[in-house]
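Single-structure report; data block below.
Just so it is clear, none of the values below were taken in a lab; they were calculated from the coordinates. Just so it is clear, the structure is predicted and the values come from calculations on it, not from any experiment. Because the Cβ atoms are built from the backbone with ideal geometry, glycine has one as well, and the counts that use them run over all protein chains shown.
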Amino acid sequence: MSLQEIFASRMSRMKASEIRELLKLLDQPDILSFAGGIPDPALFPADAFFEACGVALAPDKQAQALQYSVSEGYLPLRQWLAEHMAGLGVPCSPDNILITSGSQQALDYLGKMFLSVGDTALVGAPTYLGALAAFNAYEPRYDQLNPEGNRTAESYAEAAGVGRVKFAYLSPDFANPTGETLNLAGRERLLALADELDCAVIEDAAYQALRYDGEPVPTMLSLEIARKGSLEDCRTVYCGSFSKTLSPGLRLGWVVAAQPVISRMVLLKQAADLHTATLNQMAVHQVASTMFEEHCADLRKVYGGRRDAMLAALAEHMPEGVSWTRPEGGMFIWVTLPEGVEGSKLLARAIETERVAFVPGAPFFADGSGTNTIRLSFSNSSEADIAKGIARLGRLLRG
């Protein structure tokens, strides 16, 4: 007997992440990689974390740092996050906040909490690949979310069939993979649509702190609070992360929502891993409370310069018929290739002949379309390497 014969049906929907596989290319020193959307480790506040871990492991705190803790998360960190969210127009208390092991865990919990088999999740086309991976385990169907269009709530509900629409998922600021930002009118339309459908809105704000130019747009959650008067009356669930700002390796994210949502997510947390590592939470609290804004300002200068370098290189080297987004922040530029040019086949040729890596676009579409698209990340490459790599990619496309 093979144990594969008794796997749950959901396992057929679980696929290997192309991005995680591509990260293995980073071990090859001659590859110029625009693949993984990862921070530059040279920009980690490593000295601050070294000091913070020492403080957390001092005799007066080490028992707390190394012991089991509450599932909601380290209270001083949640208190700091409440102040941080207030600055984003989201007045809340620590009771409205759950600390998760990265925002990816939050997406898994939200899929588990909302989705029954056959329910509908509204997602963009394209959308974050990790969100699809998290939701797939709960066997939903997907429908394309288009908050800037004129599709009615009735059409979404009709398409859902015997199930129902449970949530709309989006990253409204500098989305992964496109880098695009949803404008204020689109955000307001989506909130109105969610009210009509009586569904949740999952606001993935992983890149919200990384704006390089343009005017900030209020968060979805702050807009809904302004409409309804209280967080407790809101259907938006805000997912934040320290992975793109302070450290991805410490795996620290957070969720802000009405207390009934948080209380249910706490139950999921207790069943999954009891609580996020306390030592990590204590270290992140000290670093965030002493230097978060200053550190993010430094990141914006460096990453903004790299974005500009990639946009300039694309303009110089891409042949006619290739187009791309012009993000105001984040880590990604989305490239649309001429019809008939497949991103996956281009990747194989790019690695073999030009030693350049990127992510093909099709995995970011729930229906597997978008084969003539690719995602480029500029966050972990120097401006010189960006110019060199885009020149190589342009040469390959022209050839």
Completion exercise
So Thr290 and Ser323, fully extended at 0.36 nm per residue minus their Cα-Cα distance, gain in nm 7.7 nm
Problem - For region 46-291, diffusion coefficient by Stokes-Einstein and Kirkwood Rh (Cα), 10 °C, 1.306 mPa s, µm²/s - result: 86
Problem - Sites matching trypsin sites (Lys or Arg not before Pro) across region 57-129 that sit in DSSP coil, with at most 15 neighbouring C-beta atoms within 10 Å - result: Lys61
Completion exercise
Amide H contacts under 5 Å for Phe167, restricted to residues at least 5 apart in sequence or on another chain and with H modeled in the peptide plane, are Leu122, Ala200
Practice task
Name the most mobile residue of Gly321, Gly73, Gly36, meaning the one with the largest mean-square fluctuation, in a Gaussian network model of the chain with Cα contacts below 10 Å.
Solution key: Gly321
Problem - Pairwise FRET efficiency - Ser344 versus Ala157, Cβ, R0 = 45 Å, nearest 0.05 - result: 0.80
Practice task
Work out from phi, with θ = phi - 60° and the Karplus expression 6.51 cos²θ - 1.76 cosθ + 1.60, the ³J(HN,Hα) of each residue of region 200-215, listed in order in whole Hz, and give x for Gly and Pro.
Solution key: 7, 10, 9, 9, 8, 10, 4, 10, 4, 7, 10, 9, 9, 7, x, 8
Handout entry: Amide H contacts of Gly329 (H built 1.01 Å from N, under 5 Å, at least 5 apart or other chain)
Key = Tyr212
Handout entry: Whole-Hz couplings from phi, Karplus 6.51/-1.76/1.60, listed for region 81-93; x for Gly and Pro
Key = 5, 4, 5, 4, 5, 4, x, 9, x, 10, x, 7, 10
Handout entry: region 46-291: relative contact order as a whole-number percent, Cα under 8 Å and 6+ apart
Key = 29
Problem - Amide hydrogen neighbours beyond the local backbone of Arg141, cut-off 5 Å, H modeled - result: Gly118, Asp119, Thr120, Ala121
Handout entry: Value of [θ]222 nm, deg cm²/dmol, for the chain, DSSP H segments ≥ 4, -39500 (n - 2.57) each, nearest 500
Key = -12500 deg cm²/dmol
Completion exercise
Percent antiparallel among DSSP beta bridges confined to the chain, nearest 5, equals 50
Handout entry: Simple label model, 7 Å out from Cα along Cβ direction - Ala125 to Leu184, nm
Key = 3.0
Fill in the blank from the handout: Over 25 Å (Cα to Cα) among Lys166/Lys244; Lys301/Lys388; Lys15/Lys166; Lys61/Lys244; Lys228/Lys301; Lys112/Lys228 -> Lys166/Lys244; Lys61/Lys244; Lys228/Lys301; Lys112/Lys228
Problem - Within region 231-254, backbone nitrogen closer than 16 Å to the virtual label 7 Å beyond the Cα of Asp95 toward Cβ - result: 231-234
Problem - Ala86/Glu215 FRET efficiency (R0 25 Å; Cβ-Cβ; nearest 0.05) - result: 0.75
Practice task
Using label points projected 7 Å from each Cα along Cα→Cβ, tell me how many nm separate Asp308 and Ala58, to one decimal.
Solution key: 4.2
Handout entry: Chain lengthening between Asn150 and Leu267 when straightened (0.36 nm per residue, less Cα-Cα)
Key = 38.3 nm
Handout entry: Rounded to whole Hz, the Karplus (6.51, -1.76, 1.60) HN-Hα couplings of region 296-308, x for glycine and proline
Key = 5, 4, 5, 4, 4, 5, 6, 5, x, x, 5, 4, 4
Exercise for the section: For region 46-291, give the magnitude of the charge dipole about the Cα centre (Cβ charges: +1 Lys/Arg, -1 Asp/Glu; no others), in debye to the nearest 20. Expected result: 380
Exercise for the section: Would you please state which residues of region 152-170 a label at Ser116 would reach in this model, taking the label point 7 Å out along Cα→Cβ and a backbone N cut-off of under 11 Å? Expected result: 163-164
Exercise for the section: Please identify, among Gly130, Gly214, Gly304, the residue showing maximal mean-square fluctuation in a Gaussian network model of the chain using a 10 angstrom Cα cutoff. Expected result: Gly214
Problem - Candidates Ala52, Ala271, Ala348: whichever shows maximal mean-square fluctuation once the chain is modelled as a Gaussian network with Cα springs under 10 Å - result: Ala271
Handout entry: Nearest-0.05 FRET efficiency for Arg395 and Gln67, computed from C-beta distance (R0 56 Å)
Key = 0.45
